[in-house]
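Remarks on the structure that follows.
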Amino acid sequence: MTQQDFSEFFPEDPHRSRHDLVLEVLTARADHARFIEFFHEDAIFTMAGHIYDHLFSGVFRGRENILGLLQKIDAEIETSDPRILNLIVDGDKIGLRRSLLVRHRGTAAAGRLVLGDFAILRDGKFAEVFEYVDTGWLKQLSGEDD
């Protein structure tokens, strides 16, 4: 079967543009100015967890607060090699399981972290994002885990 035959029998994925958007966002993560452009001015970013276990947890409303969260994370953690593990798209709703390499800037401890994100798009930009991670990972990397 040729590529032409394949595309005739299996039309292009209608959610492909959403997949491409997610890849572009993950690639832009290190560039705060570029990354935040993918969010609405009034976007809400929720990082699940308790502040005692996960110092990045909370609800961040608006681009300015989301940028503050990114700066807080980047001051302590270096991230690289983002990978999409699973992606589900239903209209303007996205479910994503992904991983990335993380390295603590203070201890140099590193590991691969798996995250989950649920997002709602509005006009092609993120209106709401809910992210969850294993809340014990930061304590392990920072050496605070007993």
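Per this entry, A119 is not counted among residues that are in contact (Cβ under 8 Å) with a residue 40 or more places away in the chain and either part of a strand (DSSP E or B) or under 25 Å from D20 (Cα atoms) (or both). Restricting attention to the stretch 71-86, the residues that are in contact with a Lys or Arg (Cβ under 8 Å, 6 or more places away or on another chain), surrounded by 12 or more Cβ atoms within 10 Å (Cβ to Cβ) and outside any strand (DSSP E or B) total 1.
Residues that are within 15 Å of V133 (Cβ to Cβ) and exposed (fewer than 14 other Cβ atoms within 10 Å of the Cβ) within the stretch 53-70 comprise just one, D53.
Inside the stretch 87-105, can you point out the residues that are assigned to a loop (DSSP other than H, G, I, E, B) and either at pLDDT 90 or above or closer than 16 Å to A28 by Cα (or both)? Talk me through it step by step, then tell me what you get.
Just the residues of the stretch 87-105 that are assigned to a loop (DSSP other than H, G, I, E, B), to begin with: 91-92, 105.
Of everything in the stretch 87-105, those that are assigned to a loop (DSSP other than H, G, I, E, B) and either at pLDDT 90 or above or closer than 16 Å to A28 by Cα (or both) turn out to be D92, R105.
The values are calculated or read from the model by the stated rules, or taken from the named source; none is laboratory data. What you are looking at is a predicted structure, and each value in this text was computed from that prediction instead of being measured. Here Cβ is always computed from backbone atoms with ideal geometry, including for glycine, and neighbour counts include all displayed protein chains.
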